[in-house]
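Quick note: the coordinates plus some simple rules give every number you see, no bench work behind them. For clarity, every value in this text was computed on a predicted model and none was experimentally measured. Neighbour counts run over all protein chains shown; Cβ positions are idealised from the backbone, glycine included.
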Amino acid sequence: MVLFGVIRILLAEDVELLRSALVGLLSLEDDIQVVAELASGALIVPTALEVQPDVAVLDIDLPEVDGLTAAERLRERLPGCRVLILTGLNRPGQLRRALAAQVAGFLPKDVRHAELADAIRTVASGDRVLDPALTAAALEASASPLSQRETMALRLSATGASPGEIAEQLFLTPGTVRNYLTSAATKLDARNRVDAIRIATEAGWI
């Protein structure tokens, strides 16, 4: 928790133009310092362990490892680092997942610079910032029908991982993984696994 001094920021955004703009705008703040800027979600945890940021500002949709998965890993490896998620899409299920990951902030990408800077200060002080419109949509949306295992299997499948690779990561057999993927598709009334991934992604469940 930062009470005084400069707030150290790790920023992860894969769109270079947007990342550069955010770094430039945040650099105008006397009490905010960007100590790392990344384009890949896979680099978030190792970089955070190296530079020890106070707040990680993460795009939700990053290559290799998405922002929410990175947030979950940061909570385990560097619990003192607060996470603020930026999203370009209004998917209520994403906020539910963000809350489950205990993120400190969840805001749309089109938030004004002054509001983003204030949100960073708020989460650095130990409080939470949630966009009111996204929060209202999340409360009105239905919960995911998928189990935790089905969700994990479908999320990993969405990255292109094979059932065998998913099985290794989840410590399951390939047959069990296939069963989870099949049951997920059935629950989502999907035509196939690809359609199940699309439905779950659009709902913000994976």
Taking N as its residue count, the alpha carbon Rg of the chain over 2.2 N^0.38 Å:
1.06
I need the fraction of alpha carbon pairs in region 28-130 separated by more than 17 Å, rounded to a whole percent.
48
Cα extents of region 1-69 along the three principal axes, largest first, in whole Å?
35, 25, 17
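Determine the dipole magnitude for region 148-203: charges of +1 sit on the beta-carbon of Lys and Arg, -1 on that of Asp and Glu, nothing else is charged, the reference point is the Cα centre, and the result goes in debye to the nearest 20.
80
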Residue exposure sequence - S147, S183 - by fewest surrounding Cβ within 10 Å:
S147, S183
Note, ³J(HN,Hα) from phi for region 175-187, Karplus 6.51, -1.76, 1.60, rounded to Hz, x at Gly and Pro:
x, 5, 4, 4, 5, 5, 5, 5, 5, 5, 5, 5, 4
Quick one: helix 16-26 against the long Cα principal axis of the chain, what's the angle to the nearest 10°, folded into 0 to 90?
40
Using only Cα atoms, locate the centre of region 5-41 and the centre of region 172-206, then give the distance between them in Å, rounded to an integer.
35
Which residue fluctuates most in the GNM of the chain (Cα springs below 10 Å): A114, A124, A70?
A114
Quote the charge dipole size of the chain about the Cα centre in Debye, to the nearest 20; the model charges only the Cβ of Lys and Arg (+1) and of Asp and Glu (-1).
760
